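Please read the structure below before turning to the comments.
Read the figures in this text as sums done on the coordinates, not as results from a lab. Since we're looking at a predicted model, the values are computed, not measured. Cβ sites come from the backbone with ideal geometry, for glycine too, and all protein chains shown count toward neighbours.
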Amino acid sequence: MIWITVGIAAALMLFCVGGNLYIKQKYQDRILTAAECDGIEADCIMVLGALVYADGRPCHMLEDRLNRGIELYQNGISDRLLMTGDHGQEEYDEVNVMKRYASDAGVPKDCIFMDHAGFSTYDSMYRAKEVFQVQKMVIVTQRYHMPRALYIANELGIDAYGVCAEEIRYGGQAMRDIREAAARIKDLWSVFRRAEPKYLGEAIPISGSGDATDDLIKH
């Protein structure tokens, strides 16, 4: 029994290590610089959500993502921004903070879509394809998170590329790296079984107006 237990533990360890390496390398060549995105003609630029404060400010990490997404919009990579994040509770709202930040930077409000039910990276990618009908996009997040985001999006059938946000090391990164390693294994399984997200809802084509997503919680 001891050797069986050891064998199972070793197999699980090998699977976890192998799964992480696989996801980290699978779409590595799709991580580009802002300049390398010229000519992609994406349906949208997706900015993945992160912590927002009670006073309506994005955390530093999210601010860096937003600045990169706005830069890509201004460079003409796409004329649509898709802000995806957590707005599952009335008192906590990532996506309206994100939309307001981009609007204050000069992006027209009708060009900014909000996915209020982007509760996880997997949910955000699944909903981008099924709800917002995205076929090709550029994802913006930090480098440690990018391989998983690209893996999910491309495996679900979106032609996705990634541009990393500002290249700095944020406080608490060691813990985020640990959580990310576990999340890669979880999403490897989610992609394999094509798990549905918590919410779907009616289609809101990214080719339309972002105003259609105003004040929607679960669509």
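Listing for the model above:
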item: Cβ-based net charge around T121, under 9 Å, with every Lys or Arg adding one and every Asp or Glu removing one; result: -1
item: Cβ-derived FRET efficiency at R0 45 Å, Q25 paired with L51, nearest 0.05; result: 0.95
item: Surrounding net charge for I185, when Lys and Arg each add one and Asp and Glu each subtract one, Cβ distance under 15 Å; result: +3
item: Residue list for the stretch 59-96, given a label point 7 angstrom along the Cα-to-Cβ vector of R169 and an amide N cut-off under 20 Å; result: 60-62, 64-65
item: Anchor K198: lysines whose Cα lies under 22 Å away (excluding residues fewer than 8 positions away in-chain); result: K129, K186, K218
item: In nm, spacing of pseudo-spin labels at D110 and Q89 (7 Å Cα→C-beta vector); result: 3.6
item: Span-rule helices in the chain, defined as complete DSSP H runs reaching 15 Å or more along the axis (Cα) with Kyte mean at least 0.0; result: 2-26
item: Packing rank of 34-40, 125-131, 80-86, 141-147, where each peptide gets the mean count of other beta carbons within 10 Å, highest leading; result: 80-86, 125-131, 141-147, 34-40
item: Expected 222 nm ellipticity per residue - DSSP helices of 4 or more, -39500 (n - 2.57), all of the chain, to 500; result: -14000 deg cm²/dmol
item: Net length gained if the chain between R193 and N75 were fully extended (0.36 nm per residue, minus Cα distance); result: 38.8 nm
item: Length released on extending from A182 to L200, taking residue separation times 0.36 nm less the Cα-Cα span; result: 4.0 nm
item: Among [x] 1.02; [y] 0.99; [z] 1.04, the entry that matches Rg/Rh (Cα atoms, Kirkwood Rh) as calculated here; result: [y]
item: Point-charge dipole on Cβ atoms (K/R +1, D/E -1) for the stretch 2-213, about Cα centre, debye to 20; result: 820
item: Point-to-point label distance, L12-D215, nm (Cα→Cβ direction, 7 Å offset); result: 4.9
item: For the stretch 110-142 versus the stretch 1-30, the gap between their alpha-carbon centres in whole angstrom; result: 29
item: Given charges at Cβ of Lys, Arg, Asp, Glu: the chain dipole, positive-most of A102, S78, G88; result: G88
